[in-house]
Structures are given as C-alpha cells and as structure tokens.
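Participant: Quick one: the structure is below, questions incoming.
The values are calculated or read from the model by the stated rules, or taken from the named source; none is laboratory data. No experiment lies behind these values; they were computed from the predicted model shown. Note that we place each Cβ from the backbone using ideal geometry, even for glycine, and neighbour counts take in every protein chain shown.
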Amino acid sequence: MLFSTFRLKAALSFVAAFLLTAAAVGASMPLPSPDATASITARDLRKHLSFLASEELGGRYTLSKSNLIAARYLASQLEYYGYRGAGPSGSFFQQIPLYFSKIDVAGSRLTLGANGSKRDFKYGDDFVSEGGWAVKAAASLVFVGYGISSPRNGWDDFSGVDVKDKIIVAVAGRPESLKGANIPEAERDEGAAFSHGAAAEIVIPAQDLLSAWAQIKNSFQHDRVGLPPKGAVTGSPMSRVYAGPDLVNALAAAMNKEPAFLKHYEGKPGASAPISVSASIAVAVEIKQATAAQNVAGILEGSDARLKEEFVVFSAHYDHLETGKNGQVYKGADDDGSGTASVLEIAKAFTVGERPKRSILVIFHTAEELGLFGSEYNTDYQPVVPLEKLVADFNIDMVGRSKPDDDNDPRDARLTDKNSIYIIGADKLSSELNQISIQTDEDTERMRFDYTYNDDANPERFYYRSDHYNYARHGVPIIFYFTGVHRDYHQPTDTVDKIDFQKMERIDRMIFATGWRVANLDHRVVVDKKPVADSNGQ
C-alpha cells in the first residue's frame, strides 16, 4: 500500500493534535474524590445483587409481587443515600399503566370498497394493529407519502390534501434528504396524522417486515401486554394498522400504481393525493388492566444554583423474566441485576463528599424485558423530569460477566474478558461525550473499550435494544455499557456465583468518574449529531 510522506506527516500531526486536545480536556476536568470513588466496592455490589438475584425474589418479573419487593428495596436504598423521590408528590415510584390485550381475530376485518364492490381483508393474514388496541373507522382514503409534516425541514406530505376525518395511507420511514433530520413526533407518525384531523392510518411497513410477514403476523394475534395508546394520556388518540403484502398490493392497484411504488417508495414532496377507494377498519379487542408496575426514580440535587436545574441520568432496568411453568426461577444476576446494583453503588458515590454541580437523576426502569415500556413511559408519556433538562444518560445493562481464558463455549464467543467492555452509543449524538468517556477511562481504570456493537451494521442492533434508546431518540446523549451475551442469558443459570465483582467495581468506578465530569462541566455536553434512525427510519 502506498502512503505518501505528506499524508504520513499530516496523519501524525492530526494524531498529535488529538492527543494534546484529549490531554487538555483531561487536565481541565477534575476527577471525583478518592473517597467517593473508593465507596464503590465489590463487597457492596455483591450485597445488593445477592438480594436482587435471590431465589426468594423469584426473578423480578414486571407483573409479579417480587418486582414490587425489588422496587421497594431500590427506593429504600436511594432514600437512605439522601435522594428525594422524583415521582409524583415526592414519591420514589413512577406508576406505569400496563394492560393486557387480546385480539378478536374473527371479529376484526378491513374492507376496501369502490364503485359498489368490496373486498375484505383478514386480521393477521392481511393487516395487524399497533399496540393491541381497538380500531373502528370508516372513510375515504388519502395517500400522504411518508406522513411527515415538517415545513421547517422543507417537507410536508399533508400540503395540498384534505385528510380531516379521512383514513390516510402512509409509508414507514422517511426520505433520504431527511435521514438525519430531527423531526419531533408531533410532525410525523400519529402526531402529524392527529394534528391534521385524520380518522385513522394504514401504514405500509418497511420492506424487511413485509418480507417476513408470514413469520411475524402470528405474534400480533397473541395476548399482549403494553402501554395504553398515547392518546389516553396525551389527548391525541390515533388508530393505526399495518398492511400486509396483499393489502399493500390492493392499495397500490387502487392508486393505479405497481406494488413496488409502495414497497420501495422513493417519494418526493407533492406525491400526496386522494385514493378513489373507501375503507372500513374494525379491530375488536378485549382489554384488561395488568398488575401495577413502576419505575423507581430519585434525585440528588446539584450544588450549583444554576446548573442544578440540569440532570445527569444513570439508568438500569431491574425487571427480568417470569417464573417458568415448572418453577424455574430466572434470577437475572447479570441481566440486569448487575446494572441495577451498579447504579445503586454509583448513586451512593455521588453522596460522598462534595456534591456535583448538576443534579443526578437515578432511574430504575421496569418492563424493559416486555418492550422497553418503563423508559418509553418516562420519555413519551409523563417524564419525571422534562427531557430538555437531561444532559446525558449513562445506561448500564449486563456488566457482570467476564470470559475465562479457557472458555471455548461458542455461546460465550462475544463475552468480554476481565479487562474489556462494550461501549455503545457514546459518539452517536455527542463527540464531546465520547471524548470525555475515552479520556476518563485513560485517567482511571484503563478498561479496553470494544466498539463492535456500536456499528449500526452489526446485526445484533444492541443500540436499539435497551432503555437508553428511548432517551437517545429524543436527542439526549447516551452511553450504553455492556459486557456481552453469554450461555446463561435468559436462562435460570444466570446466577450470582458467575459474576465478576472485581470487574464490576472497575467498570462502575469508571462510569462514576465519567458521569462526575459531565455533571461538573461548565457547559452542557455539546450535541453535534442528530438522533440515529431506527430500523423503520423514524
């Protein structure tokens, strides 16, 4: 490979400049006191985890009594440390309204009609509903492209068409020109549809979902647990269904288009238009309220009169899996007892000695295993702290394991060694946060950062699979800490005896120092990138 002398000198100059900048950043950011750092110990981590992952606690399943006991334990620890409750009326508990829903498949259908003829489509085979909630609408159809109404970004699919009391047809995703744009929910999806007065929405799913329709359709017919429609809380109800391949073909034909027009949509502004077809949608659902669930949240007030109005967040999910039919307890020592115990220890460390300038928000999410519902409720429904006041979220999910040198089990192939940890998302929104993360590790524990799963092309897509993502998609910078999947993941064998507490201690001290620096900056962490789109391009 040829590499010119000029390019070599330029490259070396760039590296030298980066190292000098990093050194300057490190020098300008003091570390927490030795006493605060030393308060995070392997002994105390074991103490917390031995309770949270005990046989008696039964696995901490979201809808179980053991989950309530775990929540009470977490709240009592935060209160003991000196935190105040972040929930309503100063409570440590943020109630999460979850519901069971059961689709009446036989009583659910979608009908297209034109010129006196009708065609019925079956639930599951031809369409599914979002969230398992009842849908009832009948109106003429209007195609609205991507369903985006964001004039400030130079795009408005609702311009020039009347969708009031109509059923709109929209393609999931967004145009290439808006891939990196920050489009609030009020300007897309059900938010845009509701604000323009639409009665309901038929969504054309992304091509990968359409291709796998035969495999995924049955999952929408089973009993489901989830959050209520956002309209039940925000006052903006919107009925949405997703079209299967045959319905997509029928809609394309009604528009005098080939199916590829909708399946591989590459629209431009002005493509929206009425469709000379009417539709009626009826999805019958039996709804039953689930057992109460709650996030646990506490606040440690910052020391600076101005900066204490901003918050640095530390999060972990404390729920795990339901006890098996034969009584198997899924203790979840690593998933995510390790993250929960870690956040407890970090929360304690912030109370030792000098207080940070910014306030600290500690939140233990529930219902992560059911679909990130606890974090979704805190970001999309009723946040305990307004999202614009959140500076960064440090999310810890599975940091308790290390791979022994003699472990050749293929199920442990991606498990990190005792000196390594996966860093995910640190650079997705803030180059500065990423630099602080790297420099602080150099200044403290010198763990080896592995960025394998930070690559959006990685098929595991871990960036989208833990609670931090619900904050990141709202523009809050995050770092997700993770030591890797192993043979005991989601098995009864995920137990305390397999946890590497010395590694956890090092990881948690490093995370604490990183968060301390962010909490004491004289400015907010600079957000210089836009939220990364999820698999549907939203």
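Participant: Just to be sure, is T323 of a type in the set (V, I, T) and more than 21 Å from the chain's Cα centre (by Cα)?
Facilitator: Numbers: of a type in the set (V, I, T): yes; more than 21 Å from the chain's Cα centre (by Cα): yes.
Yes, satisfied.
Participant: If you take the residues of the stretch 294-326 that are small (G, A, S) and at pLDDT 95 or above, which of them is farthest from L370 (Cα to Cα)?
Facilitator: A305
Participant: For T21, indicate whether it is among the β-branched types (V, I, T), modelled with pLDDT of 95 or more and over 30 Å from V283 (Cα atoms).
Facilitator: Values: among the β-branched types (V, I, T): yes; modelled with pLDDT of 95 or more: no; over 30 Å from V283 (Cα atoms): yes.
No, not satisfied.
Participant: Would you point out the residue of the stretch 24-44, among those that are over 17 Å from P356 (Cα atoms) and of a type in the set (A, V, I, L, M, F, W, C), that is modelled with the highest pLDDT?
Facilitator: My answer is A42.
Participant: Here's a follow-up. For the list (1) on the phi > 0 side of the Ramachandran plot; (2) part of a strand (DSSP E or B), I need the number of the one condition that A106 fails.
Facilitator: Going through the list (1) on the phi > 0 side of the Ramachandran plot; (2) part of a strand (DSSP E or B), A106 breaks only (1).
Participant: Somewhere in the stretch 512-532, is a residue among the polar types (S, T, N, Q), assigned by TED's automatic domain parsing to the domain that holds T379, under 22 Å from the mean Cα position of the chain (by Cα) and part of a loop (DSSP other than H, G, I, E, B)?
Facilitator: No, the stretch 512-532 has no match at all.
Participant: Is the stretch 280-295 home to any residue that is touching a Gly at 6+ places or on another chain (Cβ under 9 Å), of a type in the set (S, T, Y), outside any loop (DSSP other than H, G, I, E, B) and surrounded by fewer than 20 Cβ atoms within 10 Å (Cβ to Cβ)?
Facilitator: Yes.
Participant: Count, please, the residues in the stretch 435-466 that happen to be outside any helix (DSSP H, G or I) and of a type in the set (G, A, S). Even if it seems obvious, please write down each step before you answer.
Facilitator: The first filter runs over the stretch 435-466 and keeps only residues outside any helix (DSSP H, G or I), leaving 444-451, 455-461, 465-466.
Imposing the further condition that a residue be of a type in the set (G, A, S) reduces the set to 457, 466.
Within the stretch 435-466, residues that are outside any helix (DSSP H, G or I) and of a type in the set (G, A, S) number 2.
Participant: Taking the conditions exactly as written (over 25 Å from Q77 (Cβ atoms), assigned to a loop (DSSP other than H, G, I, E, B) and in the same structural domain as F364 (by TED's automatic domain parsing)), does G267 satisfy them or not? Break it down stepwise before answering.
Facilitator: Values: over 25 Å from Q77 (Cβ atoms): yes; assigned to a loop (DSSP other than H, G, I, E, B): yes; in the same structural domain as F364 (by TED's automatic domain parsing): no.
Judged against the criteria, G267 is not a match.
Participant: Let me ask another. Of (1) out of contact with any helix residue (DSSP H, G or I) (no Cβ under 6 Å at 6 or more places or on another chain); (2) within 30 Å of V362 (Cβ to Cβ), V296 satisfies all except one. Which?
Facilitator: All conditions pass for V296, except number (1).
Participant: Taking the condition of being more than 26 Å from G87 (Cβ to Cβ) and buried (at least 20 other Cβ atoms within 10 Å of the Cβ), how many residues in the stretch 46-74 meet it?
Facilitator: 0
Participant: Can you spot a residue in the stretch 102-110 that is in the same structural domain as D120 (by TED's automatic domain parsing) and polar (S, T, N, Q)?
Facilitator: Scanning the stretch 102-110 turns up at least one residue that is in the same structural domain as D120 (by TED's automatic domain parsing) and polar (S, T, N, Q).
Participant: Considering Q94, Q77, which residue is in a strand (DSSP E or B), at pLDDT 95 or above and touching a helix residue (DSSP H, G or I) at 6+ places or on another chain (Cβ under 8 Å)? Break it down into steps so the answer makes sense when it comes.
Facilitator: Working: Q77 fails: in a strand (DSSP E or B).
On inspection, the qualifying residue turns out to be Q94.
Participant: Within the stretch 56-74, can you find the residues that are in a helix (DSSP H, G or I) and either touching an Asp or Glu at 6+ places or on another chain (Cβ under 7 Å) or hydroxyl-bearing (S, T, Y) (or both)?
Facilitator: Step one: of the stretch 56-74, the residues in a helix (DSSP H, G or I) are 65-74.
Result: S66, N67, Y73.
Participant: Mind checking which residues of the stretch 281-339 are among the β-branched types (V, I, T) and in contact with a Ser or Thr (Cβ under 9 Å, 6 or more places away or on another chain)? Give the derivation first.
Facilitator: Our first condition is that a residue be among the β-branched types (V, I, T); within the stretch 281-339, this holds for 281, 283, 285, 287, 291, 296, 299, 312-313, 323, 329.
Across the stretch 281-339, the qualifying residues are I281, V283, V285, I287, T291, V296, I299, V312, T323, V329.
Participant: When P410 is evaluated against the numbered criteria (1) free of Cβ contacts under 8 Å to residues at least 40 places away in the same chain; (2) buried (at least 20 other Cβ atoms within 10 Å of the Cβ), which criterion, by number, is the only one it fails?
Facilitator: (2)
Participant: Please pick out the residue among I421, I436, I396 that is over 26 Å from L372 (Cα atoms) and in contact with a Ser or Thr (Cβ under 8 Å, 6 or more places away or on another chain). Talk me through it step by step, then tell me what you get.
Facilitator: Numbers: I421 fails: over 26 Å from L372 (Cα atoms); I396 fails: over 26 Å from L372 (Cα atoms).
Unique residue meeting the criteria: I436.
Participant: From D467, D500, D456, which residue is surrounded by fewer than 21 Cβ atoms within 10 Å (Cβ to Cβ) and not β-branched (V, I, T)? Give the steps one after another, and end with the answer.
Facilitator: On the way: D467 fails: surrounded by fewer than 21 Cβ atoms within 10 Å (Cβ to Cβ); D500 fails: surrounded by fewer than 21 Cβ atoms within 10 Å (Cβ to Cβ).
Just a single option satisfies the conditions, and that option is D456.
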